[in-house]
Amino acid sequence: MKYISLLGATGSIGTQTLDIIRMHPDQFTLVSMSVGRNIDLALKQVHEFKPRLLSVQTKEDYDKLIHEVPSSTTVVYGEEGLVQVATDQKATILVNAVLGSVGLAPTLAAIKAGKTIAIANKETLVTAGHIVTSAAKKYQVPLLPVDSEHSAIFQALNGENRQEVEKLILTASGGSFRDRTRAELEGVTVHEALNHPNWSMGAKITIDSATMMNKGLEVIEAHWLFDMPYEKIDVLLHKESIIHSMVEYIDHSVIAQLGTPDMRVPIQYALTYPNRLNSSSRERLNLAEIGKLHFSPLDMERYRCMAFAYEAGRIGGTMPTVLNAANEVAVAYFLENRLSFLDIESTIEQALERHQVTSNPSLDDIIAVDQETRAFIHSLIQ
C-alpha cells in the first residue's frame, strides 16, 4: 500500500490522480489533500476519500468547511496548510499537482521530510530548479515526472547510459491554434483558446499550450530533471500527441514512448514506479487505426514564448522566475478578457527585458523576484 498526499486535488491532474486511487484501492490510500476554490467538488472528494488532513486556500474557505467535513478530517489553510499536507507523517508519496510557484515551498518541505515526489507542478522546477534538485540529491529523494513528456523521457532513459544520450526530443501538439498563422491570432477569444484538440486540461495549461509557453516551461523542467544542457533539448511538433517524447542516443537510435492522450497513464506510472499496473479500463493505442503520424519543425518566430523560454533557461539565475511569474499573471488577465492573446507574449517580453539577473539566487531572492515581477505586470495592465 502506498500512502498519498495530493496538492491540487480539484484540478485536472488532481482529479485524475483520484481516479487512479479510486480504481486501485488495494494499492493506494489518500491520506491528505489540498484544494483550490472549487469547494463543492472538494467536499465531495473529502466525503469519498476521507483524508485525515485537508488544506484550503483561505480562512474564509476554512470557516465554510470546518463543520461540513467528516470528524476524522482536520482542516488547515494557507501556505502553512500546503506544507502540512506535503509533509504528512503517514504519506510516502507527494503528488504536487498545484498550479504556479505556490508549489515550491511544500515541495522543498516534503523533500526534507524524505517523501518521494511525483511532480506535475512545472513552476517548482522552472523557478528554483537548482534548489529543488540539490535538495533531492542531499536527502536522496526521487523526483518522478508526471507530465506525459517527461514521463516519456524518463521511461526512454530507463536502463540506459546517460552519457550516451545525444538529445531529448519533446513533442508538442501545437495547441488550439496550431493551424493558424500569427496574423490569424489577432482577436482570438478565450473560448477558442480553451478548445484544445487532443488533451483535456485546466484553463491555464490549455492557454499555455496555445502560446507554447507550456512546452517552453517543459524544456526548462527537462533541463533540471535530466541534467541535460539546453542545446541537447529539442521540440518537435506532433499533432496527434501519440508519441509523448523521445530520446536520441549517440548511435542515432531513437527510443520513443507512445500512448493515447490520457494523463492517467503517466500519473499512474509515477505512483507505481518501478512497477506497472493493469489499465484494462482505458483505451488501448491502435496504430493501425490511426494510420499516420505527422511531425514538423517548431518555428520560434511563430511561437515566440518558446524562444523566451530557451533564452531564459540559458541565462538562468532569476530569469526563469521572471518568465514564469509574468506568464502566470498575463494568462490570468487574458482569461479575464483584459489582455489580448498576442499581448501575452509582449507582456512577458517587457518583464524579461527589464530584469537584472541574479545568477545564483537563494530561495528568498526567487520569492522577491517573483513578487516584483507580478507587481510589474499588474502595473502594466491596470
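Computed with a 1.4 Å probe over protein heavy atoms only, the accessible area of K204 comes to about 30 Å². Placing unit charges on the Cβ atoms of the charged side chains and taking the dipole of the chain about its Cα centre, the candidate lying farthest along the positive direction among V357, Q140, N337 is Q140. Net charge dipole, segment 1-160: roughly 400 debye, given to the nearest 20, about the Cα centre with Cβ charges of +1 for Lys and Arg and -1 for Asp and Glu. Around the Cα centre of the chain, unit charges on the Cβ atoms of Lys, Arg, Asp and Glu (plus for the first two, minus for the last two) sum to a dipole of about 980 debye. Here the 3J(HN,Hα) profile of segment 163-170, calculated from phi with Karplus coefficients 6.51, -1.76 and 1.60 at θ = phi - 60°, is 6, 9, 7, 7, 6, 9, 10, 7 Hz, Gly and Pro shown as x. Among residues other than E283 with Cβ under 12 Å from its Cβ, the summed charge is +1 (Lys and Arg +1, Asp and Glu -1). With θ taken as phi - 60° and the Karplus curve 6.51 cos²θ - 1.76 cosθ + 1.60 applied, the whole-hertz 3J(HN,Hα) list for segment 57-67 is 6, 10, 4, 4, 5, 4, 5, 5, 9, 4, 9 Hz, x standing for glycine and proline. Evaluated over the Cα positions of segment 1-137, the convex hull gives a direction-averaged projected area, one quarter of its surface, of 7.4 nm². The helix-based estimate of mean residue ellipticity at 222 nm for the chain, built from -39,500 (n - 2.57) per DSSP H run of four or more residues and divided by its residue count, is -14000 deg cm²/dmol to the nearest 500.
The loop-placed trypsin sites (Lys or Arg not before Pro) in segment 244-284, going by DSSP, that have at most 15 neighbouring Cβ atoms within 10 Å of their Cβ come out as R276, R282, R284. Of the cross-linked pairs K112/K215; K122/K292; K204/K292; K44/K64; K50/K90, those separated by over 22 Å at the C-alpha level are K112/K215; K122/K292; K204/K292. Dipole orientation for the chain: of the candidates V102, L217, A172, V102 has the Cα lying most toward the positive pole (charges on Cβ; Lys, Arg +1; Asp, Glu -1).
The fraction of all Cα pairs in the chain landing in successive 10 Å bins from 0 to the largest distance is 5, 24, 34, 27, 10, 1, 0, given as whole percents. Around G78, with a cut-off of 14 angstrom between Cβ atoms, what is the net charge of the other residues, counting Lys and Arg +1 and Asp and Glu -1? Taking every Cβ under 14 Å from that of G78, the sum is -3.
Distance between the 7 Å Cα→Cβ label points at E289 and L363: 4.8 nm.
Sites listed here are trypsin sites (Lys or Arg not before Pro) in segment 1-45 whose DSSP assignment is loop and whose Cβ has at most 15 other Cβ atoms within 10 Å: R37. Counting only protein heavy atoms and using a 1.4 Å probe, the accessible area of H252 comes to about 130 Å². The longest stretch of the chain left intact once loop-based GluC sites (Glu not before Pro) with at most 14 other Cβ atoms within 10 Å are removed from consideration, loops following DSSP, is 187-282. Across segment 369-377, computed HN-Hα scalar couplings (Karplus, 6.51 cos²θ - 1.76 cosθ + 1.60, θ = phi - 60°) run 5, 4, 5, 5, 5, 4, 5, 4, 5 Hz from first to last residue, x flagging Gly and Pro.
Look at the dipole of segment 219-376 built from charges on Cβ: of H294, I348, F376, the Cα furthest out on the positive end belongs to H294.
The alpha carbon radius of gyration of segment 192-272, expressed as a multiple of 2.2 N^0.38 Å, is 1.19. Over all other residues within a Cβ to Cβ distance under 11 Å of M23, the charged ones net out to +1, with Lys and Arg as +1 and Asp and Glu as -1. Ligands, DNA and RNA excluded, the heavy atoms of K112 present near 130 Å² of accessible surface to a 1.4 Å solvent probe.
The values are calculated or read from the model by the stated rules, or taken from the named source; none is laboratory data. Owing to the predicted nature of the structure, the values given are computational and were not obtained by experimental measurement. Glycine gets a Cβ as well: all are built from the backbone with ideal geometry, and neighbour counts include every protein chain shown. The accessibility values were calculated without ligands, DNA or RNA, using every heavy atom of the protein model including side chains. Shrake-Rupley method; radii C 1.70, N 1.55, O 1.52, S 1.80 Å.
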